[in-house]
Each structure stands twice: as structure tokens, then as C-alpha cells.
Amino acid sequence: MSSFLQNTNTLIDHAAALVGVDAAMLAALKKPARVIEVGLSVAMDDGTKKTFPAWRVQHSDAVGPFKGGIRFHPDANLDEVSALASLMTWKCSLMGIPFGGAKGAVRVNPRELSRGEVERVSRAYVRAIADAIGPEKDIPAPDVNTDSQIMAWMVDEYSHARGYFVPGAFTGKPIELEGSQGREVATAFGGFVTLREYLKQASDLSLASGDVTVAIQGVGNVGGHLAEMLHQGGFKVVALSDSKGGLYNPDGLNVATLLEEKKTKSNAPLSDMREAADKKITNKELLELDVEVLVPAALEAQITEKNADAVRAIVVVEMANGPITAAGEEALIQKGIEVIPDILANGGGVVGSYFEWVQNLQRFYWEEAEVLEKIDKVVTAAFHGVMRMKKEHDMTWREAAYAKAIARVVRAMELRGRREEGAPL
Ligand code: NAD
């Protein structure tokens, strides 16, 4: 079993013990309801065929249909998808929305494929899982290396199989295909709201001073939008990075100019930008900067027991899924560094997806301000719920978040009479 899945199961063990869950229920909480493993046979532009391993793991539908993104990545594997599916269950539960958890992945490097090949991989994936998904069953969304165009192809393929357009089968779609206003920025916005609420209660003086410094690892959908929001919100974003490395300026980076240039240069590395002279840093150095807020917003397992000692931030906000290992967090806590866990900090994304799905079911659409206001309310309530739990039981943020999330799913399973491991619906 991979350390990421092991970490996730350890979190469940730990929170279940805090909530008081028996062994049968604990086993049920860890076991996915369904695992789909397929090989996608796809025609390449040169006329050959290639097979790509792919998965959909449906972890829990105790409180609503399965929900979770699809990632395209050369290192994707079943353990990783299973861990991410489990995280989705706890995230949706914590946000109080009527969704369970799932995740999908294709082991592919989309950068090595033409756009046409990526489209054929996307459509083949949907054909392979079509019977298991749908607005009432399992609603996929974008994740690493998948975007609204890919969701457009996927919803088209699914609708073709059903014989009519079914927008509620996927979220993260383009606006023209009944996507939601605000969905693209929803994850980052949830992170912004979480940090705003965190700072209101923080006792550390340098956090209350107003000129809060932030370093963000990853400037994709999540990290990029969050950097812009924080910059506009008066935070001093001093460091940003992508997979090729990062930029650092202690006086604050010109976030808008940098990200605009990156966009116009087809997502070229930050280190190739005009502003980059004398400010290049590695991803390792970014994590170790002397900043108030550190935001890992790229991939999992970025802070481990190996580098946690070098982290100097006051608070780490997990915008990626699983960016800190259990041992890494232990070391951070020992140093007095607080960690706002992924299921709370990046929960705004799935809340945005939830509102997209609600609008799709009603075929009635809201303006961006209304969507963001609704996301703000849900994330703020989740934050304060976790904070109350943390204070009452003297827990870490993660313990409190998982305890709350698990308690809701356990209660639903008890009410539905689904107590044994793998019990059928
Ligand atoms: P993305 O593909 O848009 O961006 C990923 C970013 O990380 C890019 O800037 C990339 O260059 C950078 N990166 C990749 N490898 C790196 C490395 N080794 N070191 C440093 N940077 C690296 O992905 P995204 O949608 O922004 O997702 C980022 C994280 O947030 C993932 O963990 C994802 O599961 C999580 N997440 C995403 C959403 C969402 O709505 N997109 C919601 C919740 C959680």
C-alpha cells in the first residue's frame, strides 16, 4: 500500500477513535464502495493504438451521489486514486453538502499527446465508466491536468450514450455548456475565505499586522487564482512556483503581470518570465522561505519528515490534496506551526461544483456574485464548525476536521442501516 493511502487510512483511524467508532464501521469507512479498473485503447495520430490504465474509485455514497475529479498524470495509480476518493468523502461531508466521495485517473502524460489524442483519451474514459456515473450516481469534475474543455468532451460523450444532453453528469464545464459562474475560481476562493477566517482568530501578532507574506507552490487553477485573490486582497505574495521552479521577491511579486505573461506564453515556466531576473528559487527553497503563510497548491507529499524541520511559516494552508504527510505534519506541529487541512482549505471547489450541479438540475442559472456568496457561507460555516470542535476537544485542525466529517458519514450509515463492511445499498 502506498504511503499516501496509508496516511489517509491513518487519518481515518485516528479520527474514528476520537469519534468513537467500532471496528466494523471503521472497516466500512476505509473500504471503497466500488473500484473500476480499465485499460483505455486509444488511436494515436500516427495510426498506432496505445493502452492507458485508468480508474474510477467510488469511495462512499452514504450522504449523496459520489463526487470527485479526474486527473491525467503519468504517475497515476490505484492507491493514489483510492486515497483521493476517500479524501473527497471527508471533504464533502465536512462541507455539509449532499455528496459522497470518488476520484478518477488516467495514467497518461497529456503533454506528450496532441489535443486530438487527449480528446480521444477523454472520450474513451467516459465510455469505460458511463454506466457507473450520472447526475444521480457519480458526478466527475476536473483535477490535475484536466480542464473545462476536457469536461466538455466528456459531457458530450456521456450525453451521446444517453441520447440527450445531460449537463448534470459533470461539473467544471464551460459556461456555454451550462457550467457555473464562479466554478473556475471556487477552490481558490474557498482557500481565500478559509485564510480570512483563520486570520480573524489568529493570536500571532505578525498575522494580525495586515502585511501578511505568502508563498504558494503551484500556480495552476488553484494556486494561480489564489495568488491573484490574495494579491488583490492586500496580502504580500512573495513567492510562486510551478513544476520547473519558482520566483521569490521579499518585497512582493507582481502577481497579475507574471500570471498574465505565463498565460500568453502558453503556460511557459515562471522562470522564463521577464520579471524573473535574480529571483529564481527551487521548489524546495520555496517551502523553506521565511513567510507567514505557506500554501502548497501543487501535488501530494511535498512536506514530509525530511523537510518539515526547515519550514518557517506560521501557518500552512493545504490547497493541494494531501501535500503534507502524517510524519511531516507531526514535525510541523512539534515546531508550533499550524496546518489547515486540505478537506477544509480546498473544500470551496467541490462546493462550487455542488452549486453547478444544483443549477444543472434546475436548468436555472445564477450570477457569479450569488455563487461566490453561497460558497462563502458554506466554507465559513465549515471553518467555524471545525474551530469549535478543535477548541472544545483540544484537537489539531486536521483532527477536528476529520472528526466532524467522519461523524456525519457514520451517522448517515447508521440511519441507513449500513453497518457492515461492503454492505450493499
Ligand atoms: P493544475 O494542473 O492546474 O496546476 C498544478 C500546478 O502545480 C501547476 O502550476 C504545476 O506547474 C505545478 N506543479 C506540478 N508539479 C509540481 C512540482 N513537483 N512542484 C511544484 N509545482 C508543481 O492543478 P490544480 O487544479 O491547480 O490542482 C492543484 C492541487 O489542488 C491538486 O492537488 C488537486 O488535487 C488540488 N485540488 C484541485 C481542485 C480544483 O478545483 N482544480 C480542487 C480541490 C483540490
Requested in this report: Per DSSP H run of at least 4 residues, take -39500 (n - 2.57); add these up for the chain, divide by its residues and hand me the 222 nm value, nearest 500 deg cm²/dmol.
Outcome: -14500 deg cm²/dmol
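So for each of 21-28, 74-81 I average, over its residues, the number of other beta carbons within 10 Å; can you give me the resulting order with the highest mean first?
Those peptides, ordered most packed to least, come out 74-81, 21-28.
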Query - Loop GluC sites (Glu not before Pro), region 87-154, which have at most 16 other Cβ atoms in a 10 Å radius of their Cβ (DSSP) - result: E136
Query - Spread of Cα-to-Cα distances over 10 Å intervals beginning at zero, given as percent, for region 256-338 - result: 18, 42, 27, 12, 0
Query raised in the report: Short version: ³J(HN,Hα) in whole Hz for each residue of region 309-318, in order, from phi by Karplus 6.51 cos²θ - 1.76 cosθ + 1.60 (θ = phi - 60°), x for Gly and Pro, what are they?
Result: 4, 8, 6, 10, 5, 8, 9, 10, 9, 7
Query raised in the report: Pairs K280/K306; K265/K374; K280/K390; K137/K404; K30/K390: which are spaced more than 29 Å apart, C-alpha to C-alpha?
Result: K265/K374; K280/K390
Requested in this report: Name the most mobile residue of L230, L344, L113, meaning the one with the largest mean-square fluctuation, in a Gaussian network model of the chain with Cα contacts below 10 Å.
Outcome: L113
Report task. Please give the peptides 161-167, 99-105, 410-416, 281-287 ranked by average Cβ packing (other Cβ atoms within 10 Å per residue), highest first, as a rough proxy for protection. Result -> 99-105, 281-287, 410-416, 161-167
Query raised in the report: Suppose every K and R has +1 on its Cβ and every D and E has -1 on its Cβ; what is the size of the dipole of region 34-168 about the Cα centre, in Debye to the nearest 20?
Result: 140
Report task. Name the residue, out of A43, A331, A132, whose mean-square fluctuation peaks in a Gaussian network model built on the chain with Cα pairs under 10 Å. Result -> A43
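Each reported figure results from applying straightforward, stated rules to the coordinates on display, with no laboratory input. Bear in mind that the values here come from a model prediction, so they are computed numbers and not experimental data. Cβ sites come from the backbone with ideal geometry, for glycine too, and all protein chains shown count toward neighbours.
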